[in-house]
2 protein chains.
Amino acid sequence: MTDHYYAVIMAGGGGTRLWPLSRQARPKQMLRLISEDSLFQVAVKRLEGLFAPDHIYVVTGKELANDLSEQCPNLPKENFILEPMPRGTASVVGLAAVAIQQRDPNAVMVMLTADHFIANVAHFQQLLRAAYAAALDGYLVTLGIAPTYAATGYGYIQAGEQLGIYQGMGVQRVLRFKEKPDEACAQQMLQSGDHAWNSGMFVWKTDAILAEFARQMPALNAQLQEVAQAWGSPRQADVLDQVWQQVKPETIDYGIMEDAQNVAVIPAAGLGWSDVGSWDSLFDVLPTDENGNLVMGGHHIGLDTRSSLVYVENERRLIVTLGVEDLIVVDTGDVLLVCRKDQAQKVRQVVHHLKQTNQAYI
Amino acid sequence: MTDHYYAVIMAGGGGTRLWPLSRQARPKQMLRLISEDSLFQVAVKRLEGLFAPDHIYVVTGKELANDLSEQCPNLPKENFILEPMPRGTASVVGLAAVAIQQRDPNAVMVMLTADHFIANVAHFQQLLRAAYAAALDGYLVTLGIAPTYAATGYGYIQAGEQLGIYQGMGVQRVLRFKEKPDEACAQQMLQSGDHAWNSGMFVWKTDAILAEFARQMPALNAQLQEVAQAWGSPRQADVLDQVWQQVKPETIDYGIMEDAQNVAVIPAAGLGWSDVGSWDSLFDVLPTDENGNLVMGGHHIGLDTRSSLVYVENERRLIVTLGVEDLIVVDTGDVLLVCRKDQAQKVRQVVHHLKQTNQAYI
């Protein structure tokens with residue numbers, strides 16, 4: 001049934017809130033945070049059984065491609081699509097759609113993230129099958145996440161009437177996309193029952209999404225067509241380089257989804273999804289010890305230590321915590337971060353400051 | 001006036017509450033915590049002008065003597081008195097008294113600590129002059145510290161009637177020595193107005209203190225006399241080694257002072273004295289920045305960080321603190337300590353645990 005189904009993993013940079021572990025040269029998806037495998041490897045492995053390796057594409061930057069390819073040697077090298085420079089998710093989707101469309105005019109593609117955690121892989125694959133079936137009916141399907149708390153860090157999708165049941169899952173019309181809300185708004189949406197988090201994962205026919213590019217983003221569409229002309233020829237890399245210089249950065253949400261036609265959502269519950277966005281989010285993903293602590297690496301002695309995270313790269317270092325609670329301690333050798341758990345989002349500000357002041361450590 | 005005045009600096013081991021900076025091989029007095037000079041160097045320097053270098057003695061262990069001597073090369077090597085093993089402060093006092101008595105039968109000696117901070121050095125020297133004058137009248141003079149809060153970490157001295165005024169300072173009879181009190185008792189003594197902290201510093205004529213050894217500690221006195229017989233001869237070190245094996249450990253407070261005759265106290269105020277006993281005590285000694293933080297070494301970025309201490313040995317490490325208050329962070333390379341300020345005393349327990357379990361890092 002899924003001979004025409006292709007997966008595209010977006011694996012660019014990012015993850016500044018997991019600094020100092022995540023760096024420019026070692027972004028979030030390459031970290032072995034959750035398991036022996038990196039988040040990227042886990043993202044590839046959870047497609048096993050549903051996609052053959054040659055049906056899995058990766059969009060990333062030149063500087064990361066080799067490392068990612070080494071992490072997943074079973075993926076064909078030619079399935080790594082290299083963006084000359086980051087231009088937002090709209091161009092990533094467009095580029096992947098162009099490449100896949102040339103290979104298979106009847107393709108359905110799923111856009112996936114490389115750096116999210118999903119506990120229930122079987123349920124996830126079931127969701128991808130349902131979305132595939134809905135996409136065959138012409139819908140642009142967004143994979144929603146049934147919210148478990150009033151998150152202010154995610155965008156939301158408001159779901160309307162049911163469009164059908166595919167593979168046992170209800171598919172609903174999307175009424176509205178909403179950007180990251182404030183606390184009050186998030187509470188309201190949580191209680192409404194008809195809102196889902198925007199996971200950033202989408203399923204659609206390549207011709208359907210390319211039609212939306214032609215309709216809504218004519219400039220980008222023309223640029224994509226220029227790339228498409230050269231795709232597979234010796235001029236491919238040069239043309240992509242030249243064209244990408246001109247591409248205006250835009251997100252797929254703002255550029256396409258918000259005003260697209262036939263947009264549907266499957267609000268998935270029970271996936272155990274987390275964006276592993278910041279140090280505190282690891283408490284949602286990993287099991288804690290009897291004191292509620294997450295101790296990762298190193299030699300740790302905790303006295304009167306509760307609900308805290310200790311991450312140490314150097315196994316020979318001794319870390320002693322004494323009388324601390326809700327604290328995050330991350331030691332990467334060159335950098336030590338000590339952070340109150342509820343301030344973990346602000347790590348991003350530190351990275352920004354270091355970048356602004358031209359300091360090392362990023 | 002002070003030709004017969006000798007200083008004895010007790011510089012044995014100790015300082016486990018300043019772990020992981022203080023170690024067995026690098027005890028508290030050798031640390032450069034307060035200034036470019038170590039606490040020991042500071043202790044020697046604050047005697048300048050009052051004692052010639054050859055009037056300054058140091059009692060320490062064999063394993064530390066070379067390092068201490070290197071820190072203060074102006075002190076004669078023969079003024080380092082080496083205890084074969086630690087046997088408590090009573091034996092330290094007795095040994096120093098024996099050595100100095102042989103050199104100068106009319107000697108007055110002051111016992112000093114190597115690891116305390118004194119802000120007002122001029123006032124300190126005035127105090128030593130007053131105590132010298134009182135000692136010449138036969139008193140065993142203890143240097144008290146007028147308490148500034150209800151400390152439970154120090155012993156106390158209750159002062160009685162005034163015995164005289166020496167060099168402008170009131171000298172009072174000691175009514176009682178009291179060991180470290182509980183919180184309620186400390187409050188009571190603070191409010192009484194007639195209690196001083198026991199600083200562990202004493203001034204007396206050597207013959208007066210040796211007479212007390214003879215009266216109160218006859219066994220130790222006999223051992224000291226055996227050492228005295230050999231002192232200055234080629235047999236000195238061997239005899240000391242043999243005798244010290246038999247010495248029963250005892251403190252000068254319990255062994256001598258509590259039941260001594262003619263014990264006087266000068267309760268000094270305004271010395272700016274601190275025992276620099278634990279990490280939190282550094283806040284009493286060193287100036288903090290505008291957020292109440294003490295940052296020592298390393299490269300530190302603090303966001304929303306207050307009343308906290310950051311000590312880093314490696315100048316090239318970046319330490320980021322985010323949303324923390326009343327926290328102590330000490331990074332010595334092999335060990336990282338993260339400790340709530342009001343738990344800093346418990347660092348001793350960690351060292352004890354490491355010792356018990358035969359671990360490194362001490």
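Coordinate-derived values only; no laboratory data. In this text, all values refer to a predicted model and were calculated from it rather than measured experimentally. A quick note on method: Cβ atoms are made from the backbone with ideal geometry, for glycine too, and the neighbour counts reach across all protein chains shown.
At 222 nm, what helix-only mean residue ellipticity would chain B give, in deg cm²/dmol to the nearest 500, using -39500 (n - 2.57) for each DSSP H run of four or more? List each step's numbers first, then the result.
Values: 11 runs with 111 residues, N = 362.
That comes out to -9000 deg cm²/dmol.
Classify chain A: rounded, prolate or oblate, from the alpha-carbon gyration tensor (a ≥ b ≥ c, eigenvalue square roots; a/c under 1.5 rounded; otherwise prolate if a/b is larger than b/c)? Prolate, because a/c is 1.5 or more and a/b exceeds b/c. Per residue, the convex hull spanned by the Cα atoms of the protein assembly as shown measures out at 193 cubic angstrom. Label-to-label distances for B:R173 across copies, nearest first, come out at 10.1 nm, using points 7 Å from Cα in the beta-carbon direction. Rg and Dmax, both from the Cα atoms of the stretch B:209-264 and both in Å, are 12.6, 39.
At a 10 Å Cβ-Cβ cut-off, how would you order A:S281, B:S192, A:S199, fewest neighbours first?
Details: A:S281 18, B:S192 12, A:S199 23.
Least crowded to most crowded, the residues run B:S192, A:S281, A:S199.
Across the stretch B:174-277, C-alpha contacts under 8 Å between residues 6 or more apart give a mean separation that, scaled by the residue count, equals a relative contact order of 34 percent. Distances between equivalent label points of A:Y149 across the copies, with each point positioned 7 Å along Cα→Cβ, amount to 3.6 nm, shortest listed first. For the stretch B:156-214, GluC sites (Glu not before Pro) meeting the loop criterion (DSSP other than H, G, I, E, B) and having at most 12 other Cβ atoms within 10 Å: B:E179. Amide H to amide H, with H built 1.01 Å from N, B:G164 comes under 5 Å of B:V171, counting only residues 5 or more places away or on other chains.
Once a ≥ b ≥ c are taken as the square roots of the eigenvalues of the Cα gyration tensor of the stretch B:281-328, is the result rounded (a/c under 1.5), prolate (a/b larger than b/c) or oblate (a/b not larger than b/c)?
Working: a/c = 2.04, a/b = 1.19, b/c = 1.72.
Note, shape of the stretch B:281-328 comes out oblate.
Between B:A186, B:A146, B:A97, the residue with the greatest mean-square fluctuation in the GNM of chain B (Cα pairs under 10 Å linked by springs) is B:A186.
Here the residues A:K341, A:K77, ranked from fewest to most Cβ neighbours within 10 Å of their Cβ, fall in the order A:K77, A:K341. A DSSP coil position with no more than 14 other Cβ atoms inside 10 Å describes the following trypsin sites (Lys or Arg not before Pro) in the stretch A:199-273: A:R235. Take the Cβ-Cβ distance between B:D238 and B:N66 as r, set R0 to 22 Å, and report the resulting FRET efficiency rounded to the nearest 0.05. It comes to 0.60. Sparsely packed loop sites in the stretch A:1-79 (the GluC sites (Glu not before Pro) outside DSSP H, G, I, E and B with at most 16 other Cβ atoms within 10 Å) comprise A:E36, A:E48. Between identical copies, the spacing of A:E226 label points, each set 7 Å from Cα toward the C-beta atom, reads 9.9 nm from nearest to farthest. The modelled label-to-label distance between A:L286 and A:Q162, using points 7 Å beyond Cα along the C-beta direction, is 4.1 nm.
Starting from the Cα gyration tensor of the stretch B:1-108, take the square roots of the eigenvalues, sort them a ≥ b ≥ c, and report rounded, prolate or oblate (rounded when a/c is under 1.5, otherwise prolate if a/b is larger than b/c, else oblate). Numbers along the way, then the final one.
Values: a/c = 2.18, a/b = 1.42, b/c = 1.53.
In terms of gyration-tensor shape, oblate.
Under a Cβ-Cβ cut-off of 14 Å, what is the net charge of the residues other than A:P147 that fall near it, where Lys and Arg count +1 and Asp and Glu count -1? So the environment of A:P147 carries a net charge of -2. Would you mind counting up the charge near B:V110? Only other residues with Cβ under 13 Å from its Cβ, with Lys and Arg at +1 and Asp and Glu at -1. So the environment of B:V110 carries a net charge of +3. Taking other C-beta atoms within 10 angstrom as a stand-in for reagent exposure, A:H353, B:H55, B:H299 fall in the order A:H353, B:H299, B:H55, fewest first. When you restrict to C-alpha pairs under 8 Å that are six or more residues apart and normalise by the size of chain A, the relative contact order lands at 19 percent.
Looking at the protein assembly as shown alone, DSSP beta bridges between its own residues are antiparallel in about 45 percent of cases. Among beta bridges identified by DSSP and lying wholly in the stretch A:5-274, the antiparallel ones come to about 55 percent.
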